[in-house]
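Taken together, the values in this text are just the output of simple stated rules run on the coordinates, not laboratory data. Because the structure is predicted, anything quoted here is derived from the model rather than measured. We place every Cβ from the backbone using ideal geometry, glycine too, and count neighbours over all the protein chains shown.
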Amino acid sequence: MSSSDTNINLNDLKNQLEAIEEQCPSSSLVIYVPMQEHEQFFNDLCQIYLDAPSRERWLIRDAVADKKGILNCLLGYVYESAKRVRATRDRRWLQIGLAAAAIQKGGYDPRDFLLALAELYVTAEEVGLDPKSEFEALGGGIPANFHTHAVVRSRRKRPR
């Protein structure tokens, strides 16, 4: 899917984010997934991010940087993507989850960010996908050598 196949216009992204931000809850105690009516927007946003050159990726990250509700929902979308990886074994959900994480870039809470990334990483491993190359290819604030990170090792020890 290319950017032209999605519902997000990069030129109008800030206006769309403002409208959705007003409806996205934000709490330091709860991680929210996007509401059903916004799920396609978040999916499209992640797809555009995956297809975008680095300058446009930076613009997307910058556009969400001060939107706590959007950042919270992006973090929730990483967890939602992990669930979908488990259910479908589809690498595309791994990529979408990584895009959500890269857009969010730890901007909500860096500790929650690392926990969500670990969940996505280990879930991909558990269903037989090799997440290492996907994590390394995306970058965007995702720690280098994430597969060796303590939070990943800890998550691997927890049974699912």
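Quick notes on this structure:
- Helix axis angle, 39-51 relative to the chain longest principal axis, alpha carbon, degrees: 80 degrees
- Debye-sum result for the stretch 3-157 in log10 I(q)/I(0), which assumes one identical scatterer on each alpha carbon, at q = 0.16 Å⁻¹: -0.81
- Sorted peptide list for 123-132, 30-39, criterion being average Cβ within 10 angstrom, highest first: 123-132, 30-39
- Inter-part distance where the stretch 80-152 and the stretch 30-48 are each reduced to a Cα centre, Å: 16 Å
- Across the stretch 35-135, the mean sequence separation of Cα contacts (distance under 8 Å, 6 or more residues apart), normalised by length, yields a relative contact order of 30 percent.
- Here the Debye sum runs over all C-alpha atoms of the stretch 98-152 as equal scatterers in vacuum, and log10 of I(q)/I(0) at q = 0.30 Å⁻¹ comes out as -1.40.
- A crude spin-label estimate for the pair ASP62 and GLN23, with each label 7 Å from Cα along the Cβ direction, gives 2.7 nm.
- Legend: translational diffusion of the stretch 65-160 by Stokes-Einstein, Rh = Kirkwood radius over C-alpha pairs, 4 °C, 1.567 mPa s; D = 100 µm²/s.
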